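The values are calculated or read from the model by the stated rules, or taken from the named source; none is laboratory data. It should be emphasised that the depicted structure is a prediction, and the values quoted were computed from it without experimental measurement. Here the Cβ positions follow ideal geometry from the backbone for every residue, glycine too, while neighbour counts run over all protein chains shown.
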Amino acid sequence: MSVRKIIHIDMDAFYASVEQRDNPDYRGKPIAVGGSPEGRGGVVATASYEARKYGVRSAMPSKRALQLCPQIIFVSPRFAAYREVSQHVREIFRRYTDLIEPLSLDEAYLDVTEDKLNIGSAIAIAQQIKQAIRDELRLTASAGVSVNKFVAKIASDMQKPDGLTFIAPSQVESFMENLPVEKFFGVGKVTADKMKRMNLHTGADLKKLTENDLVQHFGKTGRFYFKIVRGQDDRPVQPHRETKSVGAEDTFPHDLTTLEEMYPELDKIALTVANRLQKHQLKGKTVTLKIKYSDFRQITRNQSLPHGINDLETIVVTARQLLVKTDPADVRIRLLGITLSNFGEEKPETGQLSLF
C-alpha cells in the first residue's frame, strides 16, 4: 500500500492579514476583525499577530480584547474580499491537484500523492504553493506535510506564521507519542482537563490504554484516539461534500445559572457559527438551540425564518430568544449549542459536514 502525501495549508491570521494588506494604516499594528466593543460588545473573529502578543484570541469578547490591548484597532469583516482571496488560493491549489478538501475560506487539505506537474515531492509542492500565495496575493500561509490528514493539520500549526513542517512516515508514531493531549485536533478544554485528571498528558500516555479503556472513558471518540496515537488515519481527502447543517457547541467548566453568564457564552458560539456559514457561503433558515442541563437532560428548540441568514447579529438575537423561551431561571446549564440548517437553494453541490 503506497504512502499518501497530504498537505494541509492554513492561511496566517487570514482576515486580519487581508485587512493589513489592503490598508497600510493597519500594518504592524494590533488589529481585531470582528464586532466593536461598544454597547453590548462584539466578539473577535480574527486577531493579527501583533494583537496576539497581548493575548487577544478569536472568539474573545471585544471588550476583553480592548482591556488586554488598549491600542487595538477593531475592523469590520469584509467577507466578499476574503472570498475573493480564497478563490485565488484555490486556483493555486488546482495547479497541482484536483484532490482538494476545503475546510473553510482559509484552510484546506490537498492529496498530492500523484500531482499534476509530476513534481513528486510534497515538500516542494508546499514550498511552491506558499511562494505563489506570497507573490500573487502578498499574504503568507503555513503548511503541514505528512502521510495523513490528522498529522498534516497539526504540523501546519507548529511553525506559524509562514511555516512549513514535514513529519516523515518514520517519525509519525513518535511525533504522536510526544504530542500533548491538548494539541490533539478535536480535544477541547473539557476533554483535555479530564485526560489530565486521569494522568494522561501526552500521546504516549494515551497509548498505554486499550481501545476498550478509551471508549469507556471518552465514548466512540476513544476508537479514534486509539488509532490516531498510533499514527493511523485512513480518512481520504474529500473534494465533494454536501453541507446539511453548520453548528458549534461548548461544554462549560462550571454550570451556568444566570442569563448574564449564558449570553456571553452563547454569543461566542454564535460567532463561530456565523464565521463558518460565511466561510462556506451558506445561509440557513432554521436556527436550532441545544441545551444540556447539569443532570444531562437535553432539549432543543428551533425557529425557522422567512429568509436564510448568516450574520452574527440575527443569529445572536434568535438564539437568545430561544434561550429565554426555555425559562432558564433556577436551572444549571452545562452545554449550549447553535446550529443553522435548511439551506434551501443556497446549498452548494459539494454527506454531512461535521463542524462540531
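Answer with yes or no whether residue 272 is part of a strand (DSSP E or B), outside the structural domain of residue 115 (by TED's automatic domain parsing) and not hydrophobic (A, V, I, L, M, F, W, C). Can you show your working first?
Numbers: part of a strand (DSSP E or B): no; outside the structural domain of residue 115 (by TED's automatic domain parsing): yes; not hydrophobic (A, V, I, L, M, F, W, C): yes.
So residue 272 does not fit the description; no.
Restricting to the stretch 159-196, name every residue that is over 16 Å from the mean Cα position of the chain (by Cα) and either assigned to a loop (DSSP other than H, G, I, E, B) or β-branched (Val, Ile, Thr) (or both).
Step one: list which residues in the stretch 159-196 are over 16 Å from the mean Cα position of the chain (by Cα), which gives 159, 161-181, 190-196.
Correct list: 159, 161, 162, 163, 165, 167, 168, 172, 179, 181, 190, 191.
Could you grab the pairs with beta carbons closer than 8 Å, sequence gap of 6+ or different chains, first residue in the stretch 98-114 and closer than 18 Å to residue 282 by Cα, second one modelled with pLDDT under 90 and assigned to a loop (DSSP other than H, G, I, E, B)?
101/238; 101/239; 101/241; 104/280
Assuming residue 276 fulfils every condition listed in (1) at pLDDT 90 or above; (2) of a type in the set (D, E, K, R); (3) surrounded by 17 or more Cβ atoms within 10 Å (Cβ to Cβ) apart from one, which condition is it?
With (1) at pLDDT 90 or above; (2) of a type in the set (D, E, K, R); (3) surrounded by 17 or more Cβ atoms within 10 Å (Cβ to Cβ) applied to residue 276, the lone miss is (1).
List the number of the failed condition for residue 278; all other conditions in (1) assigned by TED's automatic domain parsing to the domain that holds residue 315; (2) farther than 25 Å from residue 110 by Cα hold.
Here residue 278 meets the rest and fails (2).
Is it fair to say residue 314 is among the hydroxyl-bearing types (Ser, Thr, Tyr) and in a helix (DSSP H, G or I)? Even if it seems obvious, please write down each step before you answer.
Values: among the hydroxyl-bearing types (Ser, Thr, Tyr): yes; in a helix (DSSP H, G or I): yes.
Yes; evaluated as a whole, the condition is true for this residue.
Being assigned to a helix (DSSP H, G or I) and either within 21 Å of the chain's Cα centre (by Cα) or β-branched (Val, Ile, Thr) (or both) narrows it down to one of 131, 87, so name that one.
On the way: 131 fails: either within 21 Å of the chain's Cα centre (by Cα) or β-branched (Val, Ile, Thr) (or both).
Being assigned to a helix (DSSP H, G or I) and either within 21 Å of the chain's Cα centre (by Cα) or β-branched (Val, Ile, Thr) (or both) holds for just one of 131, 87, which is 87.
How about the stretch 21-68: which of its residues are at pLDDT 95 or above and part of a loop (DSSP other than H, G, I, E, B)?
23, 27, 28, 29, 30, 48, 53, 54, 55, 56
Given the conditions (1) on the phi < 0 side of the Ramachandran plot; (2) assigned to a loop (DSSP other than H, G, I, E, B); (3) not β-branched (Val, Ile, Thr), which single one is not true for residue 143?
Status for residue 143: all satisfied but (2).
Considering each of 110, 99 in turn, give the residue that is assigned by TED's automatic domain parsing to the domain that holds residue 130, surrounded by fewer than 21 Cβ atoms within 10 Å (Cβ to Cβ) and either polar (S, T, N, Q) or under 16 Å from residue 129 (Cβ atoms) (or both). Before you say what the answer is, go through the steps one by one.
On the way: 110 fails: surrounded by fewer than 21 Cβ atoms within 10 Å (Cβ to Cβ).
None of the others qualify; the one that does is 99.
Which numbered condition in (1) under 23 Å from residue 5 (Cβ atoms); (2) surrounded by 14 or more Cβ atoms within 10 Å (Cβ to Cβ) is the only one that residue 223 fails?
Status for residue 223: all satisfied but (1).
In the stretch 279-307, how many are part of a strand (DSSP E or B), at pLDDT below 90 and surrounded by 15 or more Cβ atoms within 10 Å (Cβ to Cβ)?
Qualifying residue count for the region: 0.
Conditions tested, residue by residue: (1) under 24 Å from residue 100 (Cα atoms); (2) crowded, with 21+ Cβ neighbours inside 10 Å.
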position: 28; (1), (2): no, no
position: 34; (1), (2): no, yes
position: 63; (1), (2): no, no
position: 78; (1), (2): no, no
position: 81; (1), (2): yes, no
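This table checks each residue for (1) hydrophobic (A, V, I, L, M, F, W, C); (2) surrounded by 13 or more Cβ atoms within 10 Å (Cβ to Cβ).
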site	(1), (2)
205	no, yes
208	no, no
218	yes, yes
229	yes, yes
235	no, no
245	no, yes
255	no, yes
260	no, no
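For the stretch 148-176, enumerate the residues that are crowded, with 23+ Cβ neighbours inside 10 Å and either farther than 19 Å from residue 237 by Cα or aliphatic (A, V, I, L, M) (or both).
Answer for the stretch 148-176, where residues must be crowded, with 23+ Cβ neighbours inside 10 Å and either farther than 19 Å from residue 237 by Cα or aliphatic (A, V, I, L, M) (or both): 151, 152, 155, 176.
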